[in-house]
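Worksheet for the structure shown next.
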Amino acid sequence: MSEIITAAITGCVTLLGVLLSNRAAQAVTDEKLTELTREGRMPVYVTEAVDTPCLFGLVRPAVYLTPEAAGDDVTRQHSVAHELTHLRHGDHVWSLLRCVCLAVHWYDPLVWWAAVLSRRDAELACDDATIRRLGEEQRAAYGRTLVRMTCRRPGNLLVTATTMTDGAGGIRERIRCIAKRPR
């Protein structure tokens, strides 16, 4: 009985985070962004409710940018390209499934570890695909954008958005992969 209560509490915390993160946001109107998001017809919003750019939503996903990311053309382009890659990979769905698994199996450290590894794999795959989409000449600039946008705090596993945050080890691994260009 206590496991059901704890799972319900974990699920409620996740749901509360989803509801609170959906605060007022301002739509971005920019020709370059319209061109980037044309294929997915993805809305892009600027809000202070997020720490880093993210993809949020299951039925009608949208990209949310921080005012800092929206203010710089290169950072905005890289952030939107990164989040659109998450959309193409279906990472917003996998993020929700990770949260459900964590809510149901909150007591199992292996599930928590699997969620951390799943999230890290999603980010590594997203970085690689984003660089391929932006072009090799953007590799170093994308790495700098990643460092600027992710060195805030470790990502929360109970958030259903695909945020760019990661712990120090994760950032180090992502930058190493960007610099070394592994197959």
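The values are calculated or read from the model by the stated rules, or taken from the named source; none is laboratory data. It should be emphasised that the depicted structure is a prediction, and the values quoted were computed from it without experimental measurement. Here Cβ is always computed from backbone atoms with ideal geometry, including for glycine, and neighbour counts include all displayed protein chains. The area values use the complete protein model at the heavy-atom level, side chains included, leaving out ligands, DNA and RNA. Shrake-Rupley method; radii C 1.70, N 1.55, O 1.52, S 1.80 Å.
With a Förster radius of 25 Å applied to the beta-carbon distance between residue 141 and residue 88, the computed FRET efficiency rounds to 0.75.
Tell me the carbon and sulfur percent of the accessible area for the range 82-149, rounded to whole percent, probe radius 1.4 Å. For the range 82-149, the apolar C and S fraction of the accessible surface comes to 67 percent.
Counting Lys +1, Arg +1, Asp -1, Glu -1, what net charge surrounds residue 54 among other residues with beta carbon under 11 Å of its beta carbon? Walk me through the intermediate numbers first.
Values: positive: none; negative: 51, 83, 91.
With Lys, Arg at +1 and Asp, Glu at -1, the net is -3.
In terms of its C-alpha gyration tensor, the range 55-145 has a prolate overall shape, because the principal axis ratio a/c (a ≥ b ≥ c, square roots of the eigenvalues) is not below 1.5 and a/b outweighs b/c.
A simple spin-label model places pseudo-atoms 7 Å from Cα toward Cβ; at residue 124 and residue 104 they are separated by 2.6 nm. Taking label positions 7 Å along the Cα-Cβ direction at both residue 148 and residue 73, the computed distance is 1.3 nm, reported to one decimal. Solvent-accessible surface of the range 59-135, averaged per residue with a 1.4 angstrom probe and all protein chains in place: 47 square angstrom.
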